[in-house]
Amino acid sequence: MSNDDHLLKIKEGVNAWNQWREQNPETIPDLSKVDIRGLQLQKINLSNVDLKEAKLQYSNLSGAILEKADMNKAKLLETNFQSANLKGANLSGAGLLESNLQFANLENAKLEKAQFNEGTMFNQTNLKGALLKGATGLNTNQMDMSQTDSNTQLPDYLEEELDDDFLLQM
């Protein structure tokens, strides 16, 4: 369960939170299961934070640092992650419907069984080394707009589509 002091601190705003994180680098904040929907959290430092099952719908996390954050099963409907650093983050089972992932760094992120849809925005999204097995709602256009590499693990249905596209080019 989340730490009430951590919840109060994040509600003070980005500047207060980031200053507190700088002063307490050894602390791993616990914001699991919190409801912080709709907060303006641009450029906040949430690296290594426990955000399991947190409700972050409609929040603005553009430019945020979420490196190695645990967002397992988080609710992220219409969340703005534009230009956010989610490198190595765990978003397994997270609901990312209608979210903005443009220019986000999801390198080596875990997105197993994450939920996407056609409204999830991808543009120069770094998915190198990302684990997307079991993810739902993705399409080839979204992958074409993203950066992937040989270590990116796509859902089976996308791998099949991309294989078919390759065969059609021959």
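The values are calculated or read from the model by the stated rules, or taken from the named source; none is laboratory data. This structure is a prediction, so every number in the text was calculated from the model and none was measured. Using ideal geometry, Cβ is built from the backbone for each residue, glycine included, and neighbour counts are taken over all protein chains shown.
Which one is nearest to ALA64 (Cα to Cα) among residues in region 17-42 that are part of a loop (DSSP other than H, G, I, E, B) and hydrophobic (A, V, I, L, M, F, W, C)?
Going residue by residue through region 17-42, those that are part of a loop (DSSP other than H, G, I, E, B) are 24-29, 31-34, 36-39, 41-42.
If we keep only those that are hydrophobic (A, V, I, L, M, F, W, C) too, we end up with 28, 31, 34, 36, 39, 41.
Numbers: ILE28: 17, LEU31: 16, VAL34: 18, ILE36: 15, LEU39: 12, LEU41: 7 Å.
Restricting to residues being part of a loop (DSSP other than H, G, I, E, B) and hydrophobic (A, V, I, L, M, F, W, C), the top hit is LEU41.
Please verify whether ILE10 is among the β-branched types (Val, Ile, Thr), without any contact (Cβ under 8 Å) to a residue 60 or more places away in the chain and either at positive phi or in a loop (DSSP other than H, G, I, E, B) (or both), treating the condition exactly as stated.
Working: among the β-branched types (Val, Ile, Thr): yes; without any contact (Cβ under 8 Å) to a residue 60 or more places away in the chain: yes; either at positive phi or in a loop (DSSP other than H, G, I, E, B) (or both): no.
Against the criterion (among the β-branched types (Val, Ile, Thr), without any contact (Cβ under 8 Å) to a residue 60 or more places away in the chain and either at positive phi or in a loop (DSSP other than H, G, I, E, B) (or both)), ILE10 does not qualify.
Looking at region 70-111 only, could you name the residues that are acidic (Asp, Glu) and either touching a residue at least 60 places away in the same chain (Cβ under 8 Å) or under 18 Å from ALA54 (Cβ atoms) (or both)?
Taking region 70-111 as the starting set, the residues that turn out to be acidic (Asp, Glu) are 70, 78, 98, 107.
Hits for region 70-111 are ASP70, GLU78, GLU98.
The residue that is surrounded by the most Cβ atoms within 10 Å (Cβ to Cβ), counting only those in region 58-77 that are assigned to a strand (DSSP E or B) and not polar (S, T, N, Q), is ASP70.
The rows are residues; the columns are (1) aliphatic (A, V, I, L, M); (2) at pLDDT below 95; (3) touching a helix residue (DSSP H, G or I) at 6+ places or on another chain (Cβ under 9 Å).
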site	(1), (2), (3)
SER2	no, yes, no
TRP17	no, no, yes
GLU26	no, yes, no
LEU39	yes, yes, yes
ILE44	yes, no, yes
LEU56	yes, no, no
ASN72	no, no, no
LEU86	yes, no, no
LEU96	yes, no, no
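A count restricted to region 78-92 and to residues that are surrounded by 21 or more Cβ atoms within 10 Å (Cβ to Cβ), of a type in the set (Ser, Thr, Tyr) and out of contact with any Lys or Arg (no Cβ under 6 Å at 6 or more places or on another chain) stands at 1.
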